[in-house]
Each structure stands twice: as C-alpha cells, then as structure tokens.
Amino acid sequence: MTATIPARRALRENAAPVAGGSTGRIAWLALPALVFFVAFAVVPLVGVLLLSFTNWDGIGAITPAGFANWASVLVDPDMLHALGLTLLVMVLSWLVQTPMSLLLGVFTAGTQKYRTVLAVLYFLPLLLSSAAIAVAYKALLDPNFGLGAGLGLPFLSQDWLGNPQLAFGVVIFVIAWQFIPFHTLIYQGGVRQIPRSIYEAAEIDGAGRVKQFFLITIPQLKYTIITSSTLMTVGALTYFDLIFVLTGGGPANATRILPLDMYLLGFRANLMGPASVIAVILVVIGLALALFLQRLGGKDNSASQLEGM
Amino acid sequence: METKATPSRRTFISLAIAAPLLTWGLTSCGTTGPGGGSAGGASLWALSGDPNETIRKNSVDAFNKANPKTPLGLTFFQNDAYKTKIKTAIGAGQAPTMIYGWGGGTLKSYVDGGQVDDLTSWFEENPEVKERLFAGAFGAGTIDGKIYAIPIQTVQPIIFFYNKELFEQAGAEPPQTWSDVMSLVTTFNERGIAPFSLGGQSRWTSMMWLQYMFDRVGGPQVFTDIFEGKPDAWSHPAAIDALTKIQELVKADGFIKGFNSITADSNADQALLYTGKAAMMLHGSWTYGGMKNDGGSFVQDGKLGWVPFPAVEGGLGDPKNAVGNPSNFLSISSKASDEEKETAKKYFAESLSNDDEVAAFIETGAVPVVNGIEDMIQETEESEFLSHVYELGANAPAFQQSWDQALSPTAAEELLNNIDQLFVLSITPEQFATNMNETLGK
C-alpha cells in the first residue's frame, strides 16, 4: 500500500505537465532534440552569419571582409531581381494553390466512395520527388521531342522553358502541381474537424451550400488556412531543386530566384561570402513571414476550436 | 525516493541513447566519408556517360586485378553534378585521391588553396610517362611553371558537324565563310528544318560559338588579353563584332526553336542532328562517339559530315585555329595519405593511356592525348574523322582552351550567365562587354 500511493501521485503529476514541479523533469526529455537542434541548426546558422563577413572561395583560406559582401549584395541589381522574383513566386503560388487546395480539400472530405478514389489520384504528385517531377516535365515540355510533338498538337509545342515569360508561368504551374496535394490533405483534415452539428443547424435555418461554405467552412478553417499559408509562403523561400533541374534559373535569369542565386554564387562562382549574405537574408525573411502569419491568427491560435461545443 | 528516481532514470536512458547518436553525427562530418578513403584506399572520381565511363571502369578493373593489395575505388558523377560535388568535397577536406578536372582556372584555385600536389619532380623522375603524352596537353595542367595535373583521355576540339543527307536534299554545300552560314540559315528555314541544333540551357554549349567567333573575327589575341585581365578587354572591337554576329544569327532563327530549354547532358542536341530535325551542330568531338552509339546507323552510313569552323570575311583568325579541351586531367589531392598517393602514381604510370586504353579510345572515335598513334588511327574505320580531330588538336596554330575552364570560377559563372542573356537577346553586345569587363582579373 505504501508503495502505490507515491507511484500514483507520480503518474498524476506526469499526466498534468502544467503542474509545477514535474515541468522541469519533463523538460529533460527535450534535451536530445535540443542538442540536435543546436548542432545541426543553430551552429550552421551562426557559421553562415560569420561567413557572410568573410571572403572564401570554398577551397582556400577564409579571410575577413568586414561589411563588403553585405554592401555589394544589397545594391546588386541581380540580387534585387532575384528577390523580386522570389516574392512573386511566393505570392503567385499562394494565389494559385490556396483556392485550389481549399476546394479540393472540402471536396475530398466528403464520404462518398468515389471521392476516396479521386483523393488517392490527387495525392499522387505528393509521392514524387521534385527532381523527378522536373525531369518529367522537362521531357513533356520539350518543343521538339515532347508532348506536343508526340501527339501532333502544335499548340502544345510552345517554347515552354525557353521563353522567359512562359518559363516563369511553367514554374508556377509545376510548383502548384507538386504542392496542391499536400495542402489539400491539410484542408481535408481541417474540414473533417468541423462538427456536423453546425451544418445541420445552418440547414435548418435554410442556408444553401454556397452560404454554408463561406459562412461556416471558411471561418472554421481560419487556423488551417494560416498553417497552410505559412508552409506555402515560407516554403516558397526554399524552392530550389525543382527550378534548378527544370530551367537552371534561365532563360536570361527569368526564373533565377534567390535560393538558386545563392547556390550559383556559392558553388558555381565560388563566392561563399555573398552567398552567405543571401542565405542570411532568406532566413530573416522566412522568420519574419512566419511570425507575421502566426500573429494573424491572434493569441488563441493554439487553443482548440472545439472548446465549448 | 521513488518519485525522484523514475524521471532521472529516464533522463539517463534518453542520454544514453543520444550519446552514441551524437558521436556518430559529429564524426561523420569530420574524419570519414566517401572521398576520404581512409578505409578503402586510393579513390578516383570520374564522369559518367559512355564511352568514357566504360573505358575508365575497365582500366580501373585491370589495375585492381594486377594490384589486389592496393585497389582503387571508382565513383562516377554526371558532368554538372561533378563540378559542384568536387568543389564541396575539396572545401570540406574530403577530396578523392585523384581529382579529375579540366585544368586552367579551376586547377589554379586548387593550387592557390594548397589542395593538390606539385607533380613536376615526379615527371622528371618518370620521363617516359611525360614523353608519351602530347606536349601541348600539359599547358592547362601547368600553373606558374609547375605541373599539377597529368593529361588524360582525349583531345577534344569543337567540331562543326552537319547532316550530309539534309545538305544533299537541299542541294547545299557545307559553309566556308560566315555569309555561307547566314545563307544556309535561310535555305534550311525555308525547308522547315532548323539550321543549328543547340543545347542552350547548358550555356557552355553557346559559349563554344563565341569562342570560335572571337577567334575568327579578331584572332587568338582577343581572348589572351581577356585571360591576362587587360582593362576593357571584352570591349575590343572584334569582340563586339563577334557578339553582334551571334545575335544576328539568333535573330535569323539560326538555332532550333526552344534551344534555351535543351540541355547538353541529356544529348538531346545530338539527337536533333541525327534525327534530321537540325542540319548543323557545333559541338565537342566527344559527341561523335555518342552519335555513333545512339544515332542508329547515322554515323555508320556516312551521313555525318564535318568541316572546319567557317572563316569570317575580313577576320584576323586563321581558319585552322581550334577551340575546345586540350585534354582532361588528373591531379593528386594533397590531403591523401602517402600510401594513397603511391597507388595513384602507380596508376598514372601503369594504367593511364596504356595500349589497351589508347586502343579503346580510338575505337570509340576519339583521339587520345598520346604521341605516335597516327598509324593506329589510320587503321581504324573512323580514320577520316579521327585524322580531322588529330589535325585540329595537334596541328592547330592556336588551340584555345574552353573559356569556362580557362577563367576563374567566379568569372566563368558570370560569363555563362551573360551568354545566356546574350542568346535570348535580353542584353546587347555592349552590355555584355560592360558586364564582363567587371570580372577581369577576378
């Protein structure tokens, strides 16, 4: 008997982590994760920050450069062009992907059997790696050996990746093709969390499907939209592999977004200092963006939406 | 007591799990790795893609059979991927024992960083190795008078190829001058055939055009000035003239539709020539082997033709001048152990460019950088093409090394970026020159 009482108390303490004394002990469990985070995220981050104040060709000795790299990169028209493109990719992919994934998510959240089959088909792109997608699209869009030539459809034989305007549109399309399934999955989960009772009440009040969508589904999905948008916009800062394989940043820098610019400067032109400056800029933009979007959700964004239902 | 003991035991366990993981995580960044070779002996990285891949593999297999105690590890990479991989590996101290390269500006950056061994004295001790190879091939492997790399494989001039069948159908003759080129562009466009195939997304493919045009318009001195970093060297009148002529060719639809989205790594540009979608192609001599392998009976049936790059009316360059890769090279990493370096040098002396390798290269339609092989070339089926390559490679009055290899990586990347813009007409020749002048001496 005497042994079981403290044991049960310990159990109860563990079950309620907010309660005083045990928080410290529970926190120890985060230590391995913290160690990995410091070793593989914080240390390299500080390393990059230090590198941005040096000259290094990636091979020889590292020499201090003061603020020279920052001064040259911040006024470089090529960098500003790349930054503008990055923001444009971010905005356009949000505008294309959000409505599509929202509608698809709502649709696939239904229970009919054919929707399950369709949902599985929609999610196929999610299974492919960016490089594979890029290689496949490159082959399909080839003006001489691609889809248009193969099917004998001249309008498909555009110079998709060789014309600066078209190439940018193709990149936005392929990015959307790749990521819409993922965001659809998020929205599908979100929609399934919305209690049926709200819709039943609305139906009794005579609200139609469109009204239900705008007055119930969208407001109820507020936090899902914020989560999805955060992933989408911050993710846009890291698009690299797809564009690298698809266009290599060309033609004439039309798709040379900032992450690609960073890679080409660092690993092709052997300018690790300026490449590090761009890396730091990307981190800052990413953090600021994530913080802003989380603010949009208000203070209660981590609380359950079902409380009080 | 017990309430205290339970969590601390957990802490201990989680730490016990984390510790070995952590050690593994840290060491894997530092001491071992694929290129370090501390476990597997000497290593060699080479480029994938036949016929060279098979030849290199056979050569290393034969070496390993003869030297079972000191085997060589061999890894293949795709061209563009390799250039990034090797730079990262060297920067991280993980280079393979033998570093494959193109000499020139990149080799100089390795030398400046103390990453490769000076081989001058080894060549003095082993004169038979040096005398066997083209003397001219050592140029791009020599930095400040010291030899840092051994020439390997083949001499690779850039060749003006054409599809004989399409020329016969059009009743046309291969071009001898630049105005011939421009009129052929009209001829083939009228017949619905693209005049020139080009894998423009790879960018160095477009660069080959500039190299020949600079030479034909202004002679070899124009690039020599650029190489030596003379102020405003890119603004030389001959350079502007050459750049303008290239843009005229682009505007006349000289290159196949969508050339900006074609990459050379996939050999799609060669396919355009042998499938009859394009009439001509300026490309490295290595594409001969590729077209022979992949082009069905195109090469075997004698449908592939080649001529020297056309002269430009009033130009200063000798039409016999060539551009391209004088050779590929292998250097020895200064970070390798003494045993690994010994193995590498043994491979240099015994296996590189030995009789088997020379025969294998000649059979694929390439000219190895080896002296005294004229007779072997004459005996082959491809003697006509190989003699042309041999002429270009060994007897050209001036042989310009590929610019992206001759220049420093920083200048080369800026060059390729500007070439991309020049070919889609988004910058003028003058803007090109201004942009490139900023990289002089960098």
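At-a-glance table
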| read-out | value |
| --- | --- |
| Dipole magnitude (debye, nearest 20) for chain A, charges at Cβ of Lys, Arg, Asp, Glu | 1020 debye |
| Positive-end residue of B:W204, B:F259, B:T224, charge dipole of region B:201-265 with Cβ unit charges | B:F259 |
| Unit charges on C-beta of K, R, D, E only; dipole of the protein assembly as shown, Debye | 4560 debye |
| Cβ neighbours within 10 Å from other chains - mean over B:405-418 | 3 |
| Euclidean distance of C-alpha centroids, region A:59-126 and region B:168-239, integer Å | 39 Å |
| Solvent-accessible area buried by B and A, counting both chains, probe 1.4 angstrom, square angstrom | 3400 Å² |
| Mean-position separation - Cα centroids, region B:268-284 and region A:249-302, in angstrom | 39 Å |
| Most fluctuating residue given options A:L260, A:L153, A:L296, as computed from a GNM of chain A linking Cα atoms under 10 Å | A:L153 |
| Residues in region A:212-258 occluded by at least 20 Å² - accessible area, probe radius 1.4 Å, against chain by itself | A:T247, A:P251, A:A252, A:N253, A:R256 |
| Exposure of A:V117 as accessible area (Å², to 10), given a probe of 1.4 Å and all protein chains | 90 Å² |
| Rounded accessible area of A:R192 (nearest 10 Å², 1.4 Å probe) | 140 Å² |
| Largest-first ordering by accessible area, 1.4 Å probe, given options A:W160, A:W177 | A:W177, A:W160 |
| Contact order normalised by residue count of region A:116-211, Cα under 8 Å, 6+ apart, percent | 23 percent |
| Relative contact order (%) - chain A, alpha-carbon pairs under 8 angstrom, separation at least six | 25 percent |
| Relative contact order computed over region B:91-241 (Cα-Cα under 8 Å; 6+ residues apart), in percent | 12 percent |
| Region A:119-228 - accessible surface per residue (Å², probe 1.4 Å) | 53 Å² |
| Solvent-accessible area, 1.4 Å probe, carbon plus sulfur percent, for the protein assembly as shown | 62 percent |
| Computed accessible area, A:E203, all protein chains, 1.4 angstrom probe, square angstrom | 110 Å² |
| Loop GluC sites (Glu not before Pro), region B:330-384 (other Cβ atoms within 10 Å of the site Cβ: 13 or fewer; DSSP) | B:E379, B:E381 |
| Computed helical MRE - 222 nm, the protein assembly as shown, DSSP H runs ≥ 4 contributing -39500 (n - 2.57), nearest 500 | -17000 deg cm²/dmol |
| Rounded Å value of the spacing that divides the Cα centres of region A:200-224 and region A:24-43 | 43 Å |
| A:R25, B:R203, A:R295, reordered so the largest accessible area comes first (probe 1.4 Å) | A:R295, A:R25, B:R203 |
| FRET E, pair A:A132, B:D232, Förster distance 60 Å, beta-carbon r, rounded to 0.05 | 0.85 |
| Of B:T70, B:T84, B:T54, the one that fluctuates the most in a GNM where chain B has Cα springs shorter than 10 Å | B:T84 |
| Most mobile of B:K108, B:K257, B:K335 in a GNM of chain B (Cα contacts under 10 Å) | B:K257 |
| Point-to-point label distance, B:D265-B:S183, nm (Cα→Cβ direction, 7 Å offset) | 4.2 nm |
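The values are calculated or read from the model by the stated rules, or taken from the named source; none is laboratory data. Everything quoted here is computed from the prediction, not taken from an experiment. Note that we place each Cβ from the backbone using ideal geometry, even for glycine, and neighbour counts take in every protein chain shown. Note: areas computed on protein heavy atoms with side chains; ligands, DNA, RNA excluded. Shrake-Rupley method; radii C 1.70, N 1.55, O 1.52, S 1.80 Å.
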